[in-house]
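To keep things clear, I will list the structure first and then write my remarks on it.
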Amino acid sequence: MSLTVLITGGTGIIGRRLTELLLAKGYKVAYLSRREVEISNVKVYKWNLDKGWIDPKALAEADFLVHLAGEGIADGRWTNHRKQAIINSRTKTIELIARELQGRPYKLKAFVSASGISFYGTDTGDKHLVEQTPSGSDFLAHVTRSWENAADLVAHVGIRTTKLRTGVVLTNKGGALPKIALPIQWGVGAPLGNGKQWVSWIHIDDLCNMYIEALENNQWRGVYNAVAPSPVTNKELTRLIAKVIQRPLWLPNIPAFVLKAIYGEMANVVLGGNYIINQRITKETDFRYQFSDLEQALEDSLKK
């Protein structure tokens, strides 16, 4: 009998690719959704966060749980209302699941939650960061701490829990890469700010395979930095994208004040950077990357 993976946020970029890989491995996949939707080969269960209700069959029939739900960080200016929505979308969802699990029979074997390298702060300069590095103090660090604390509620129920602090995900289906590549394709691309900020990245297939490994392998528990082995600067990332799509770079760097004028506080996401080391992945697991080289990862992502 096939095992079932229940996913929150399954219709997002990561969720869709993870679903494809899980189905290819013979798993059944189910989503929790606020809306009535039909998705090929996926069973969809309803939940209502405002009313604190989940279809009881969703958790009863799940063997594994993956938490990807969350408002997009870069989908709009950070008004106070939007900031709260960013936090609530990541925390209230899993808090509801944890409450539902308490005192009820379940067969969940493992839980994997998304997290982010913004845990360490939006801009940590050249400091090399590992899983034991303390959290930062800015807004996104607060978001990620709250996210991980909410995930711990499931661990407290007694379910093996893994949290993947994810870097910049490379895929042509959405997220940061198409936004960076588009102006380069138009011939108006340039490094952002001083271009020296570090970008810790990961190819979407490597990330999704980490999720699957974390579900299947009982040794995976706690926090892991889900990034490729070699961070690069924003300038180098821009150069390699231009090389892969065969476009010139001729404009000067885009000044920080221009980005701040356009995006407000959210500009700190691209002006800051983190040099993240995947210490636990490297030292404690047998995980093998398909894409440990950035140029190879960009070739695969941009030329599909």
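Just for the stretch 107-124: of the residues that are over 11 Å from the mean Cα position of the chain (by Cα) and within 13 Å of L215 (Cα to Cα), which one is surrounded by the fewest Cβ atoms within 10 Å (Cβ to Cβ)?
Here is the first cut: in the stretch 107-124, the residues over 11 Å from the mean Cα position of the chain (by Cα) are 107-112, 119-124.
In the following step, the residues that additionally are within 13 Å of L215 (Cα to Cα) were identified as 108-112.
Details: L108: 19, K109: 15, A110: 21, F111: 27, V112: 27.
So the residue we want is K109.
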For the stretch 221-249, which residues satisfy the criterion of being hydroxyl-bearing (S, T, Y) and within 17 Å of the chain's Cα centre (by Cα)?
-> Y224
For K25: the one exception among (1) closer than 20 Å to D206 by Cα; (2) without any contact (Cβ under 8 Å) to a residue 60 or more places away in the chain; (3) exposed (fewer than 15 other Cβ atoms within 10 Å of the Cβ) | (2)
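For residues in the stretch 185-196 being in a loop (DSSP other than H, G, I, E, B) and aliphatic (A, V, I, L, M), which is nearest to D126 (Cα to Cα)? Talk me through it step by step, then tell me what you get.
Of the stretch 185-196, the ones in a loop (DSSP other than H, G, I, E, B) are 186-191, 193-196.
Restricting the remaining residues to those that are aliphatic (A, V, I, L, M) gives 188, 190.
Values: V188: 28, A190: 21 Å.
Restricting to residues being in a loop (DSSP other than H, G, I, E, B) and aliphatic (A, V, I, L, M), the top hit is A190.
Do we find that L182 is in contact with a strand residue (DSSP E or B) (Cβ under 6 Å, 6 or more places away or on another chain) and either surrounded by fewer than 23 Cβ atoms within 10 Å (Cβ to Cβ) or part of a helix (DSSP H, G or I) (or both) in this structure? It would help to see each step written out before you state the result.
Working: in contact with a strand residue (DSSP E or B) (Cβ under 6 Å, 6 or more places away or on another chain): no; either surrounded by fewer than 23 Cβ atoms within 10 Å (Cβ to Cβ) or part of a helix (DSSP H, G or I) (or both): yes.
No.
Is it the case that F257 is among the aromatic types (F, W, Y), over 17 Å from G125 (Cα atoms), surrounded by fewer than 16 Cβ atoms within 10 Å (Cβ to Cβ) and out of contact with any Cys (no Cβ under 9 Å at 6 or more places or on another chain)?
Numbers: among the aromatic types (F, W, Y): yes; over 17 Å from G125 (Cα atoms): yes; surrounded by fewer than 16 Cβ atoms within 10 Å (Cβ to Cβ): yes; out of contact with any Cys (no Cβ under 9 Å at 6 or more places or on another chain): yes.
Spelling it out, F257 is indeed among the aromatic types (F, W, Y), over 17 Å from G125 (Cα atoms), surrounded by fewer than 16 Cβ atoms within 10 Å (Cβ to Cβ) and out of contact with any Cys (no Cβ under 9 Å at 6 or more places or on another chain).
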Members of the stretch 185-211 found to be among the β-branched types (V, I, T) and surrounded by 22 or more Cβ atoms within 10 Å (Cβ to Cβ), listed by number = V199, I202, I204
Sort out for me the helices (runs of 4 or more DSSP H) sitting completely within the stretch 253-293 that have 1 or more residues that are modelled with pLDDT of 80 or more.
-> 279-284
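Would a scan of the stretch 205-218 turn up a residue that is part of a strand (DSSP E or B), under 16 Å from A176 (Cα atoms) and not hydroxyl-bearing (S, T, Y)?
No, because not a single residue in the stretch 205-218 is part of a strand (DSSP E or B), under 16 Å from A176 (Cα atoms) and not hydroxyl-bearing (S, T, Y).
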Which of the residues belonging to the stretch 219-245 are modelled with pLDDT of 95 or more and part of a loop (DSSP other than H, G, I, E, B)?
-> Q219, W220, R221, V227, A228, P229, P231
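The values are calculated or read from the model by the stated rules, or taken from the named source; none is laboratory data. What you see is a predicted model, and the numbers here were worked out from it, not measured in a lab. We place every Cβ from the backbone using ideal geometry, glycine too, and count neighbours over all the protein chains shown.
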